[in-house]
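Reading through the structure tokens given below for one structure.
The values are calculated or read from the model by the stated rules, or taken from the named source; none is laboratory data. This structure is a prediction, so every number in the text was calculated from the model and none was measured. Counting neighbours? That spans all protein chains shown, and the Cβs are built from the backbone with ideal geometry, glycine included.
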Amino acid sequence: MNATEESWSNIHAAPEQMLWSAVLETALSNALTHRDPEEKRRAIKWFEEGGQHFKMVCDLANYEPSFVQKRVLDLIETTHANSLN
């Protein structure tokens with residue numbers, strides 16, 4: 001299990017929570033590593049905007065949207081900075 005999977009996984013979560021956590025994990029993966037620049041940009045924008053759908057997914061995954069948004073945007077920034085080095 002990689003660091004991203006560890007951060008989202010919860011063995012005691014309901015199947016529905018695990019599903020929505022997987023949605024967040026997929027969006028994060030797309031924001032960090034998607035090969036298509038447009039898809040990558042869309043995923044980053046989804047986290048940046050933190051709109052209604054983002055908040056709904058976080059709620060269904062039982063995560064605080066503002067916490068997820070801050071952590072993910074920090075991770076995206078760090079990853080981007082590291083790729084420039």
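Annotations
- Residue ID - surrounded by the most Cβ atoms within 10 Å (Cβ to Cβ), chosen from residues in segment 2-22 that are under 19 Å from residue 70 (Cα atoms) and modelled with pLDDT of 95 or more: 21
- Residue selected from segment 46-62 under the condition out of contact with any helix residue (DSSP H, G or I) (no Cβ under 8 Å at 6 or more places or on another chain) and more than 12 Å from residue 23 (Cα to Cα), by the criterion surrounded by the fewest Cβ atoms within 10 Å (Cβ to Cβ): 52
- Within segment 63-81, the residues that satisfy the criterion of being under 24 Å from residue 16 (Cα atoms) and in contact (Cβ under 8 Å) with a residue 12 or more places away in the chain are 63, 65, 66, 68, 69, 72.
- Within segment 23-39, residues that are touching a residue at least 12 places away in the same chain (Cβ under 8 Å) and surrounded by 13 or more Cβ atoms within 10 Å (Cβ to Cβ) have Cβ atoms under 8 Å from residues that are not hydrophobic (A, V, I, L, M, F, W, C) and not in a helix (DSSP H, G or I) in these pairs: 24/63, counting only partners at least 6 apart in sequence or on another chain.
- Some residue of segment 53-73 being part of a loop (DSSP other than H, G, I, E, B), among the aliphatic types (A, V, I, L, M) and at pLDDT 95 or above: yes
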